[in-house]
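The values are calculated or read from the model by the stated rules, or taken from the named source; none is laboratory data. This structure is a prediction, so every number in the text was calculated from the model and none was measured. We place every Cβ from the backbone using ideal geometry, glycine too, and count neighbours over all the protein chains shown.
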Amino acid sequence: MLPGRFVLLILFLSLKHLSHGMLTETASLFSPFQIGNITLPNRIVVSPMCQYSAEDGSATDWHLVHLGSRAVGGAGLVVAEATAVSPEGRISPSDLGIWKEEHVAPFRRIVDFLHQQGAFAGIQLAHAGRKASMCRPWEGERIATVEEGGWTNVLAPSEIPFAPNYSRPKALDENGVRAIIHAFAQAARRARLAGFDVVEIHAAHGYLLNEFLSPLSNHRSDAFGGSFENRTRLLLEIVDAVRKEWPPSRPLFVRISATDWAEGGWTLSDSIQLARILRQRGVDLIDVSSGGLVPGVKIPVGPGYQTHFAEQIRREAGIPTGAVGMIIEPAQADHILRTGQADLVFLAREFLRDPYWALHAAQHLRQKISWPVQYLRGAGTDVPSREPVSAEEAESLRIS
Ligand SMILES: Cc1cc2nc3c(=O)[nH]c(=O)nc-3n(C[C@H](O)[C@H](O)[C@H](O)COP(=O)(O)O)c2cc1C
(Lines give C-alpha, C1' and ligand atoms only; values in the text may rest on other atoms or scores of the structure.)
Protein backbone atom coordinates (compact mmCIF):
# COMPACT_ATOMS: atom_id res chain seq x y z
CA MET A 1 0.00 0.00 0.00
CA LEU A 2 2.56 2.53 1.19
CA PRO A 3 5.17 1.81 -1.54
CA GLY A 4 2.37 2.11 -4.18
CA ARG A 5 1.31 5.53 -2.89
CA PHE A 6 4.96 6.52 -2.71
CA VAL A 7 5.45 5.56 -6.35
CA LEU A 8 2.37 7.59 -7.28
CA LEU A 9 3.70 10.57 -5.37
CA ILE A 10 7.05 10.35 -7.15
CA LEU A 11 5.24 10.03 -10.47
CA PHE A 12 3.07 13.05 -9.68
CA LEU A 13 6.06 15.15 -8.61
CA SER A 14 8.10 14.22 -11.67
CA LEU A 15 5.18 14.95 -14.01
CA LYS A 16 4.67 18.28 -12.28
CA HIS A 17 8.35 19.01 -12.61
CA LEU A 18 8.25 17.98 -16.26
CA SER A 19 5.23 20.11 -17.08
CA HIS A 20 6.66 23.01 -15.10
CA GLY A 21 9.86 22.62 -17.10
CA MET A 22 7.89 22.63 -20.35
CA LEU A 23 6.00 25.74 -19.35
CA THR A 24 9.04 27.75 -18.41
CA GLU A 25 11.30 26.51 -21.20
CA THR A 26 12.19 29.42 -23.46
CA ALA A 27 10.79 29.01 -26.94
CA SER A 28 13.37 29.83 -29.54
CA LEU A 29 10.98 32.43 -30.85
CA PHE A 30 11.33 34.32 -27.59
CA SER A 31 15.02 33.86 -26.99
CA PRO A 32 17.20 36.96 -27.36
CA PHE A 33 19.50 37.22 -30.34
CA GLN A 34 22.73 39.13 -30.34
CA ILE A 35 23.81 40.58 -33.65
CA GLY A 36 26.42 43.30 -34.03
CA ASN A 37 26.33 44.91 -30.64
CA ILE A 38 22.59 44.87 -30.23
CA THR A 39 20.57 42.16 -28.56
CA LEU A 40 17.11 41.71 -29.99
CA PRO A 41 14.63 40.72 -27.27
CA ASN A 42 13.12 37.99 -29.46
CA ARG A 43 13.41 36.56 -32.99
CA ILE A 44 10.30 38.18 -34.41
CA VAL A 45 10.84 40.69 -37.22
CA VAL A 46 8.26 42.82 -38.98
CA SER A 47 9.22 42.27 -42.60
CA PRO A 48 9.52 45.43 -44.71
CA MET A 49 6.20 46.27 -46.32
CA CYS A 50 5.63 49.19 -48.71
CA GLN A 51 2.74 51.32 -47.55
CA TYR A 52 2.68 53.73 -50.51
CA SER A 53 1.75 56.46 -48.04
CA ALA A 54 4.72 58.84 -48.09
CA GLU A 55 4.70 62.49 -49.11
CA ASP A 56 7.63 63.45 -51.34
CA GLY A 57 9.47 60.49 -49.78
CA SER A 58 8.81 61.60 -46.19
CA ALA A 59 7.33 59.29 -43.58
CA THR A 60 3.86 60.31 -42.43
CA ASP A 61 1.59 59.63 -39.46
CA TRP A 62 0.58 56.42 -41.24
CA HIS A 63 4.11 55.08 -40.90
CA LEU A 64 4.27 56.06 -37.24
CA VAL A 65 1.04 54.20 -36.50
CA HIS A 66 1.80 51.23 -38.79
CA LEU A 67 5.34 50.60 -37.52
CA GLY A 68 4.58 51.83 -34.01
CA SER A 69 1.67 49.47 -33.44
CA ARG A 70 3.81 46.48 -34.36
CA ALA A 71 6.39 47.59 -31.77
CA VAL A 72 3.57 47.93 -29.24
CA GLY A 73 2.65 44.39 -30.34
CA GLY A 74 5.98 43.00 -29.16
CA ALA A 75 8.05 42.44 -32.33
CA GLY A 76 11.76 42.56 -31.50
CA LEU A 77 12.75 44.30 -34.74
CA VAL A 78 10.53 46.44 -36.91
CA VAL A 79 11.88 47.07 -40.41
CA ALA A 80 10.60 50.05 -42.34
CA GLU A 81 9.65 49.35 -45.95
CA ALA A 82 11.77 49.65 -49.09
CA THR A 83 13.02 53.22 -48.80
CA ALA A 84 14.36 54.77 -51.97
CA VAL A 85 17.93 56.05 -52.05
CA SER A 86 17.04 58.36 -54.95
CA PRO A 87 13.74 59.77 -56.27
CA GLU A 88 13.80 57.63 -59.42
CA GLY A 89 14.50 54.59 -57.22
CA ARG A 90 10.93 54.61 -55.89
CA ILE A 91 8.45 51.99 -57.01
CA SER A 92 5.67 54.57 -56.91
CA PRO A 93 5.44 58.32 -56.30
CA SER A 94 4.15 57.51 -52.78
CA ASP A 95 7.14 55.44 -51.65
CA LEU A 96 9.31 56.32 -48.68
CA GLY A 97 12.67 57.89 -49.49
CA ILE A 98 15.86 58.85 -47.75
CA TRP A 99 17.62 60.79 -50.50
CA LYS A 100 17.63 64.15 -48.71
CA GLU A 101 18.33 65.48 -45.22
CA GLU A 102 14.67 66.52 -44.78
CA HIS A 103 13.73 62.85 -44.67
CA VAL A 104 15.66 62.26 -41.44
CA ALA A 105 13.40 64.03 -38.90
CA PRO A 106 10.13 62.17 -39.65
CA PHE A 107 12.06 58.89 -39.41
CA ARG A 108 13.62 60.01 -36.12
CA ARG A 109 10.16 60.43 -34.61
CA ILE A 110 9.23 56.87 -35.59
CA VAL A 111 12.54 55.35 -34.46
CA ASP A 112 12.20 57.07 -31.07
CA PHE A 113 8.73 55.61 -30.64
CA LEU A 114 9.89 52.08 -31.54
CA HIS A 115 12.74 52.40 -29.05
CA GLN A 116 10.41 53.63 -26.33
CA GLN A 117 8.45 50.40 -26.82
CA GLY A 118 11.56 48.24 -26.45
CA ALA A 119 11.76 47.33 -30.15
CA PHE A 120 14.73 47.82 -32.43
CA ALA A 121 14.34 49.79 -35.63
CA GLY A 122 15.45 48.74 -39.10
CA ILE A 123 15.22 50.36 -42.50
CA GLN A 124 15.40 48.72 -45.90
CA LEU A 125 17.39 50.78 -48.42
CA ALA A 126 16.21 50.22 -51.96
CA HIS A 127 16.28 51.17 -55.61
CA ALA A 128 13.39 49.91 -57.72
CA GLY A 129 15.37 49.76 -60.99
CA ARG A 130 13.19 48.77 -63.94
CA LYS A 131 10.15 48.33 -61.67
CA ALA A 132 10.08 52.07 -60.84
CA SER A 133 7.46 54.72 -61.59
CA MET A 134 4.43 52.50 -61.16
CA CYS A 135 1.06 53.33 -59.64
CA ARG A 136 0.22 52.22 -56.14
CA PRO A 137 -0.92 48.57 -56.27
CA TRP A 138 -4.55 49.38 -55.48
CA GLU A 139 -4.62 51.70 -58.54
CA GLY A 140 -3.73 48.83 -60.89
CA GLU A 141 -0.45 47.42 -62.20
CA ARG A 142 0.37 50.23 -64.62
CA ILE A 143 2.96 52.94 -65.22
CA ALA A 144 2.38 56.17 -63.27
CA THR A 145 2.12 59.05 -65.76
CA VAL A 146 4.08 62.25 -65.23
CA GLU A 147 0.77 63.97 -64.30
CA GLU A 148 0.34 61.33 -61.59
CA GLY A 149 3.82 62.05 -60.24
CA GLY A 150 5.65 59.38 -62.29
CA TRP A 151 8.95 59.86 -64.13
CA THR A 152 10.60 58.67 -67.34
CA ASN A 153 14.10 58.24 -65.94
CA VAL A 154 13.64 54.55 -65.15
CA LEU A 155 17.04 52.87 -64.71
CA ALA A 156 18.29 49.29 -64.98
CA PRO A 157 21.40 47.30 -65.88
CA SER A 158 20.05 46.73 -69.41
CA GLU A 159 17.20 48.06 -71.53
CA ILE A 160 14.91 45.13 -70.82
CA PRO A 161 11.45 45.91 -69.41
CA PHE A 162 10.08 43.73 -66.60
CA ALA A 163 6.78 43.23 -68.46
CA PRO A 164 4.82 44.97 -71.24
CA ASN A 165 2.92 47.13 -68.73
CA TYR A 166 6.17 48.42 -67.18
CA SER A 167 8.54 51.20 -68.41
CA ARG A 168 11.30 50.50 -70.89
CA PRO A 169 14.34 51.28 -68.69
CA LYS A 170 17.52 53.11 -69.66
CA ALA A 171 20.74 51.16 -69.14
CA LEU A 172 22.89 52.82 -66.48
CA ASP A 173 26.27 54.08 -67.69
CA GLU A 174 29.36 53.87 -65.49
CA ASN A 175 28.67 57.33 -63.95
CA GLY A 176 25.11 56.27 -63.26
CA VAL A 177 26.33 53.15 -61.47
CA ARG A 178 28.75 55.24 -59.37
CA ALA A 179 25.90 57.62 -58.47
CA ILE A 180 23.82 54.67 -57.22
CA ILE A 181 26.66 53.45 -54.98
CA HIS A 182 27.03 56.98 -53.58
CA ALA A 183 23.26 57.24 -53.04
CA PHE A 184 23.17 54.03 -50.98
CA ALA A 185 26.08 55.23 -48.84
CA GLN A 186 24.44 58.61 -48.22
CA ALA A 187 21.18 56.88 -47.38
CA ALA A 188 23.00 54.77 -44.78
CA ARG A 189 24.50 57.92 -43.28
CA ARG A 190 21.01 59.45 -42.98
CA ALA A 191 19.65 56.20 -41.53
CA ARG A 192 22.27 56.51 -38.83
CA LEU A 193 21.27 60.12 -38.14
CA ALA A 194 17.66 58.96 -37.83
CA GLY A 195 18.76 56.50 -35.12
CA PHE A 196 18.06 53.22 -36.92
CA ASP A 197 19.72 50.14 -35.42
CA VAL A 198 19.69 47.94 -38.53
CA VAL A 199 20.12 48.69 -42.23
CA GLU A 200 18.93 46.14 -44.75
CA ILE A 201 20.03 46.48 -48.37
CA HIS A 202 17.25 45.36 -50.71
CA ALA A 203 18.79 43.08 -53.34
CA ALA A 204 15.69 40.93 -53.90
CA HIS A 205 12.33 40.82 -55.71
CA GLY A 206 13.55 42.01 -59.09
CA TYR A 207 14.53 45.51 -58.04
CA LEU A 208 17.74 47.19 -59.20
CA LEU A 209 20.36 45.19 -57.28
CA ASN A 210 18.61 41.90 -58.05
CA GLU A 211 18.51 42.98 -61.71
CA PHE A 212 22.29 43.32 -61.68
CA LEU A 213 22.71 39.90 -60.06
CA SER A 214 20.60 37.92 -62.51
CA PRO A 215 21.80 37.02 -66.00
CA LEU A 216 18.18 37.30 -67.17
CA SER A 217 18.05 41.06 -66.56
CA ASN A 218 21.75 41.92 -66.79
CA HIS A 219 23.09 41.76 -70.36
CA ARG A 220 25.96 44.18 -69.81
CA SER A 221 29.40 43.66 -71.24
CA ASP A 222 31.28 46.01 -68.89
CA ALA A 223 32.69 45.34 -65.40
CA PHE A 224 29.13 45.09 -63.99
CA GLY A 225 27.83 42.34 -66.29
CA GLY A 226 28.70 38.91 -67.61
CA SER A 227 30.48 36.73 -65.05
CA PHE A 228 29.21 36.04 -61.51
CA GLU A 229 32.01 38.27 -60.26
CA ASN A 230 30.90 41.14 -62.47
CA ARG A 231 27.16 40.77 -61.78
CA THR A 232 27.75 40.82 -58.02
CA ARG A 233 30.15 43.78 -58.22
CA LEU A 234 27.52 46.51 -57.76
CA LEU A 235 26.05 44.91 -54.63
CA LEU A 236 29.51 44.33 -53.14
CA GLU A 237 30.62 47.90 -53.85
CA ILE A 238 27.41 49.15 -52.25
CA VAL A 239 28.03 46.97 -49.19
CA ASP A 240 31.55 48.42 -48.87
CA ALA A 241 30.32 52.00 -49.34
CA VAL A 242 27.46 51.52 -46.88
CA ARG A 243 29.80 49.95 -44.33
CA LYS A 244 31.91 53.12 -44.40
CA GLU A 245 28.87 55.13 -43.27
CA TRP A 246 27.27 52.45 -41.13
CA PRO A 247 29.41 51.57 -38.10
CA PRO A 248 30.67 47.98 -37.85
CA SER A 249 28.84 47.69 -34.52
CA ARG A 250 25.46 48.12 -36.23
CA PRO A 251 23.97 45.12 -38.00
CA LEU A 252 23.84 45.18 -41.77
CA PHE A 253 21.40 42.81 -43.48
CA VAL A 254 21.02 42.02 -47.17
CA ARG A 255 17.74 40.70 -48.54
CA ILE A 256 18.18 38.46 -51.56
CA SER A 257 16.00 36.39 -53.80
CA ALA A 258 17.61 32.98 -53.34
CA THR A 259 16.40 31.94 -56.79
CA ASP A 260 14.63 33.53 -59.77
CA TRP A 261 12.63 30.29 -60.16
CA ALA A 262 13.48 30.60 -63.86
CA GLU A 263 15.59 28.71 -66.35
CA GLY A 264 18.93 30.46 -66.92
CA GLY A 265 18.41 32.74 -63.93
CA TRP A 266 20.02 33.30 -60.53
CA THR A 267 20.19 30.08 -58.47
CA LEU A 268 20.46 28.90 -54.89
CA SER A 269 24.08 27.92 -55.45
CA ASP A 270 24.79 31.52 -56.66
CA SER A 271 23.13 32.72 -53.45
CA ILE A 272 25.32 30.53 -51.26
CA GLN A 273 28.43 31.74 -53.05
CA LEU A 274 27.30 35.37 -52.70
CA ALA A 275 26.42 34.91 -49.01
CA ARG A 276 29.95 33.65 -48.29
CA ILE A 277 31.40 36.79 -49.86
CA LEU A 278 28.90 39.07 -48.09
CA ARG A 279 29.86 37.55 -44.75
CA GLN A 280 33.50 38.39 -45.41
CA ARG A 281 32.49 41.95 -46.41
CA GLY A 282 30.87 42.60 -43.00
CA VAL A 283 27.25 41.68 -43.67
CA ASP A 284 25.66 40.25 -40.52
CA LEU A 285 22.59 38.45 -41.84
CA ILE A 286 21.04 37.34 -45.12
CA ASP A 287 17.29 37.80 -45.26
CA VAL A 288 16.28 35.04 -47.65
CA SER A 289 13.35 35.60 -49.97
CA SER A 290 12.89 34.49 -53.58
CA GLY A 291 11.46 35.42 -56.97
CA GLY A 292 10.22 38.71 -58.37
CA LEU A 293 12.76 39.06 -61.17
CA VAL A 294 10.64 37.74 -64.00
CA PRO A 295 6.86 37.50 -64.19
CA GLY A 296 4.85 34.35 -64.78
CA VAL A 297 7.12 31.86 -63.04
CA LYS A 298 5.77 28.91 -61.05
CA ILE A 299 6.51 29.23 -57.33
CA PRO A 300 5.41 26.44 -54.97
CA VAL A 301 3.83 28.87 -52.54
CA GLY A 302 2.76 27.38 -49.22
CA PRO A 303 3.60 27.63 -45.52
CA GLY A 304 7.33 28.17 -45.11
CA TYR A 305 8.02 27.67 -48.85
CA GLN A 306 11.28 29.61 -48.68
CA THR A 307 12.70 28.48 -45.35
CA HIS A 308 14.80 25.69 -46.86
CA PHE A 309 16.73 28.35 -48.77
CA ALA A 310 17.47 30.17 -45.52
CA GLU A 311 18.55 26.87 -43.99
CA GLN A 312 20.94 25.97 -46.79
CA ILE A 313 22.52 29.41 -46.95
CA ARG A 314 22.91 29.45 -43.17
CA ARG A 315 24.59 26.05 -43.15
CA GLU A 316 26.73 26.32 -46.27
CA ALA A 317 27.77 29.96 -46.07
CA GLY A 318 28.08 30.03 -42.27
CA ILE A 319 26.12 33.26 -41.87
CA PRO A 320 22.99 34.00 -39.83
CA THR A 321 19.81 34.06 -41.90
CA GLY A 322 16.29 35.33 -41.69
CA ALA A 323 13.45 33.19 -43.03
CA VAL A 324 10.44 34.79 -44.68
CA GLY A 325 7.37 33.69 -46.59
CA MET A 326 4.06 32.41 -45.26
CA ILE A 327 5.23 32.09 -41.70
CA ILE A 328 1.95 32.30 -39.87
CA GLU A 329 1.60 30.04 -36.85
CA PRO A 330 3.64 30.60 -33.67
CA ALA A 331 4.60 26.91 -33.49
CA GLN A 332 5.69 27.01 -37.14
CA ALA A 333 7.86 30.07 -36.52
CA ASP A 334 9.33 28.47 -33.42
CA HIS A 335 10.05 25.25 -35.32
CA ILE A 336 11.98 27.10 -38.04
CA LEU A 337 14.27 28.50 -35.37
CA ARG A 338 14.56 25.36 -33.26
CA THR A 339 15.54 23.27 -36.25
CA GLY A 340 18.27 25.70 -37.20
CA GLN A 341 16.74 26.84 -40.48
CA ALA A 342 17.16 30.49 -39.57
CA ASP A 343 18.08 32.87 -36.77
CA LEU A 344 15.18 35.26 -37.25
CA VAL A 345 11.70 34.97 -38.70
CA PHE A 346 10.35 37.80 -40.83
CA LEU A 347 6.57 38.03 -41.03
CA ALA A 348 4.73 40.31 -43.43
CA ARG A 349 1.06 39.63 -44.20
CA GLU A 350 0.41 38.00 -40.85
CA PHE A 351 1.44 41.30 -39.27
CA LEU A 352 -1.12 43.08 -41.46
CA ARG A 353 -3.77 40.79 -40.01
CA ASP A 354 -2.51 41.05 -36.45
CA PRO A 355 -0.18 43.82 -35.30
CA TYR A 356 -0.06 42.11 -31.90
CA TRP A 357 1.07 38.78 -33.35
CA ALA A 358 4.09 38.57 -31.04
CA LEU A 359 1.95 39.05 -27.92
CA HIS A 360 -0.50 36.41 -29.13
CA ALA A 361 2.31 34.03 -30.13
CA ALA A 362 3.71 34.28 -26.60
CA GLN A 363 0.32 33.29 -25.20
CA HIS A 364 0.13 30.32 -27.61
CA LEU A 365 3.60 29.14 -26.68
CA ARG A 366 2.99 29.90 -23.01
CA GLN A 367 5.83 32.37 -22.82
CA LYS A 368 5.85 35.53 -20.80
CA ILE A 369 6.53 38.75 -22.64
CA SER A 370 5.69 42.18 -21.45
CA TRP A 371 2.54 43.97 -22.48
CA PRO A 372 2.41 47.76 -22.68
CA VAL A 373 1.36 49.02 -19.29
CA GLN A 374 -1.59 50.78 -20.94
CA TYR A 375 -2.91 47.42 -22.22
CA LEU A 376 -2.42 45.32 -19.08
CA ARG A 377 -6.14 45.07 -18.36
CA GLY A 378 -6.52 43.07 -21.56
CA ALA A 379 -3.49 40.91 -20.96
CA GLY A 380 -4.71 38.25 -18.54
CA THR A 381 -3.10 37.46 -15.24
CA ASP A 382 0.53 37.44 -14.28
CA VAL A 383 1.81 39.28 -17.35
CA PRO A 384 4.84 41.54 -16.96
CA SER A 385 4.25 45.18 -17.81
CA ARG A 386 6.22 47.28 -20.22
CA GLU A 387 6.64 50.89 -19.19
CA PRO A 388 7.59 53.09 -22.11
CA VAL A 389 11.12 54.41 -21.66
CA SER A 390 11.89 58.01 -22.55
CA ALA A 391 13.60 58.70 -25.86
CA GLU A 392 16.70 59.85 -23.93
CA GLU A 393 16.75 56.72 -21.80
CA ALA A 394 16.32 54.51 -24.88
CA GLU A 395 19.13 56.38 -26.60
CA SER A 396 21.49 55.95 -23.66
CA LEU A 397 20.91 52.18 -23.70
CA ARG A 398 21.88 52.03 -27.33
CA ILE A 399 24.98 51.83 -29.39
CA SER A 400 27.17 54.62 -30.65
C1 LIG B 1 1.95 45.04 -48.56
C2 LIG B 1 3.29 44.42 -48.79
C3 LIG B 1 4.38 45.22 -49.07
C4 LIG B 1 5.65 44.67 -49.22
N5 LIG B 1 6.74 45.49 -49.38
C6 LIG B 1 7.98 44.97 -49.34
C7 LIG B 1 9.12 45.79 -49.25
O8 LIG B 1 9.03 47.01 -49.13
N9 LIG B 1 10.34 45.20 -49.27
C10 LIG B 1 10.49 43.84 -49.34
O11 LIG B 1 11.62 43.35 -49.35
N12 LIG B 1 9.42 43.04 -49.37
C13 LIG B 1 8.18 43.57 -49.35
N14 LIG B 1 7.10 42.74 -49.30
C15 LIG B 1 7.33 41.30 -49.18
C16 LIG B 1 7.31 40.87 -47.71
O17 LIG B 1 8.31 41.52 -46.96
C18 LIG B 1 7.48 39.35 -47.59
O19 LIG B 1 8.75 39.01 -48.08
C20 LIG B 1 6.40 38.59 -48.35
O21 LIG B 1 5.13 39.19 -48.20
C22 LIG B 1 6.32 37.14 -47.90
O23 LIG B 1 6.07 37.09 -46.51
P24 LIG B 1 4.57 36.81 -45.90
O25 LIG B 1 4.11 35.50 -46.49
O26 LIG B 1 4.80 36.75 -44.41
O27 LIG B 1 3.67 37.93 -46.32
C28 LIG B 1 5.82 43.28 -49.17
C29 LIG B 1 4.71 42.46 -48.93
C30 LIG B 1 3.46 43.01 -48.72
C31 LIG B 1 2.30 42.12 -48.40
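Numbers for the structure displayed
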quantity: Residue match in segment 196-217 (condition: without any contact (Cβ under 8 Å) to a residue 24 or more places away in the chain and more than 26 Å from A80 (Cβ to Cβ)); calculated: no
quantity: Pairs, first more than 18 Å from Y356 (Cα to Cα) in segment 45-60, second among the β-branched types (V, I, T) and within 9 Å of the ligand (Cβ to nearest atom), C-beta under 7 Å, six or more apart; calculated: C50/I91
quantity: Qualifying positions in segment 56-98 - over 23 Å from G176 (Cα atoms), part of a strand (DSSP E or B) and touching a Ser or Thr at 6+ places or on another chain (Cβ under 8 Å); calculated: V79
quantity: Residue satisfying condition, being at pLDDT below 95 and surrounded by 11 or more Cβ atoms within 10 Å (Cβ to Cβ), within set A27, A59; calculated: A27
quantity: Condition met for I328 (over 20 Å from L209 (Cα atoms), of a type in the set (A, V, I, L, M) and assigned to a helix (DSSP H, G or I)); calculated: no
quantity: Identity of the residue in segment 254-298, among the charged types (D, E, K, R) and crowded, with 24+ Cβ neighbours inside 10 Å, that ends up farthest from R315 (Cα to Cα); calculated: D260
quantity: Residues being within 13 Å of the ligand (Cβ to nearest atom), more than 18 Å from S31 (Cα to Cα) and either small (G, A, S) or touching a Cys at 6+ places or on another chain (Cβ under 7 Å) (or both) - total across segment 45-82; calculated: 6
quantity: Top-ranked residue in segment 99-123 [being within 20 Å of the chain's Cα centre (by Cα) and part of a loop (DSSP other than H, G, I, E, B); ranked as nearest to C50 (Cα to Cα)]; calculated: W99
quantity: Within segment 196-208, tally of residues that are of a type outside the set (G, A, S) and within 11 Å of the ligand (Cβ to nearest atom); calculated: 5
quantity: Tally of residues being in contact with a strand residue (DSSP E or B) (Cβ under 8 Å, 6 or more places away or on another chain) and of a type in the set (D, E, K, R) across segment 345-400; calculated: 2
quantity: Unmet requirement for F162, which otherwise passes all of (1) in a loop (DSSP other than H, G, I, E, B); (2) among the aromatic types (F, W, Y); (3) closer than 23 Å to E55 by Cβ; calculated: (3)
quantity: From P247, P215, residue being more than 20 Å from G36 (Cβ to Cβ), touching a Lys or Arg at 6+ places or on another chain (Cβ under 9 Å) and away from the ligand (no atom under 16 Å from the Cβ); calculated: P215
quantity: Residue list for segment 331-372, restricted to those being small (G, A, S) and touching a residue at least 40 places away in the same chain (Cβ under 8 Å); calculated: A333, A342, A348, A358, A361, A362, S370
quantity: Close pairs (8 angstrom Cβ cut-off, 6 or more residues apart or separate chains): farther than 20 Å from Q34 by Cβ in segment 314-325, of a type in the set (K, R) and within 14 Å of the ligand (Cβ to nearest atom) anywhere; calculated: none
quantity: Members of segment 143-159 found to be in a loop (DSSP other than H, G, I, E, B) and not small (G, A, S), listed by number; calculated: T145, V146, E147, E148, W151, T152, N153, V154, P157, E159
quantity: Per-region count, segment 127-142, residues surrounded by 15 or more Cβ atoms within 10 Å (Cβ to Cβ) and either of a type outside the set (A, V, I, L, M) or not in a loop (DSSP other than H, G, I, E, B) (or both); calculated: 8
quantity: Selection from segment 139-169 of residues that are under 23 Å from L235 (Cα atoms) and of a type in the set (K, R); calculated: R168
quantity: Condition met for E350 (assigned to a helix (DSSP H, G or I) and within 21 Å of L274 (Cα to Cα)); calculated: no
quantity: Residue count, segment 309-339 (criterion: surrounded by fewer than 23 Cβ atoms within 10 Å (Cβ to Cβ) and either among the small types (G, A, S) or more than 16 Å from the ligand (Cβ to nearest atom) (or both)); calculated: 11
quantity: In segment 103-127, residue farthest from A156 (Cα to Cα) [restricted to those that are within 16 Å of the ligand (Cβ to nearest atom) and in contact with a helix residue (DSSP H, G or I) (Cβ under 6 Å, 6 or more places away or on another chain)]; calculated: I110
quantity: Failed criterion for R233 (all others in (1) farther than 20 Å from A84 by Cβ; (2) part of a loop (DSSP other than H, G, I, E, B); (3) free of Cβ contacts under 8 Å to residues at least 40 places away in the same chain hold); calculated: (2)
quantity: Count of residues meeting criterion [more than 12 Å from the ligand (Cβ to nearest atom) and over 28 Å from Y166 (Cα atoms)] in segment 284-308; calculated: 4
quantity: Check on Q341, part of a helix (DSSP H, G or I), at pLDDT 95 or above and under 27 Å from Q367 (Cβ atoms); calculated: no
